[in-house]
Amino acid sequence: MKFISFTGHLTADPTARATNNGTSVTSFTVGVTRSHKNQNGDRESDFFRVTAWRQQADFCSKYLTKGMKVFVRGELQPSIFEGKDGKARLSLDVQADAVEIMTEKPKEQKRPDLDEFSDISSDDLPFGR
């Protein structure tokens, strides 16, 4: 077995489904930009097809969306298939052991204006002084 861990961005919203016996399974693709540039000075990306099962699948289908940055750890299962153009293609599939959201929560858009609040006296409070 080959294990892998990587950080990248979801290329689309996850696809959730269930097996015939009701086991949750969620699939999604993560794009990972390489740290080095190619001969043309461009950064290339690799794409990993990720499959999560059971509780991990439920978490992914509920909280992950396109563009989110995630950390994935799992078992790498490379396979070769023939593309529509007849050329051999490599598929990098990962059976996820762990998926963590790396995208920061959006900051609060608007803080309440303190002028909108009114002063109250302690006599107006519903509990003792």
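The values are calculated or read from the model by the stated rules, or taken from the named source; none is laboratory data. Keep in mind the model is a prediction, meaning the values are calculated, not measured. Here the Cβ is made from the backbone with ideal geometry for all residues, glycine too, and neighbour counts use every protein chain on show. Remember, those area values only see protein heavy atoms, side chains included, never the ligands or the DNA or RNA. Shrake-Rupley method; radii C 1.70, N 1.55, O 1.52, S 1.80 Å.
A few points about this structure:
- Per-residue packing, averaged as other Cβ atoms within 10 Å, sorts the ranges 57-66, 12-21 into the order 57-66, 12-21, beginning with the highest.
- Taking all protein chains together, MET102, MET68 sort by accessible area into MET102, MET68, largest first [probe 1.4 Å].
- The tail of the calculated P(r) for the range 2-113, taken as Cα-Cα distances beyond 24 Å, holds 36 percent of the pairs.
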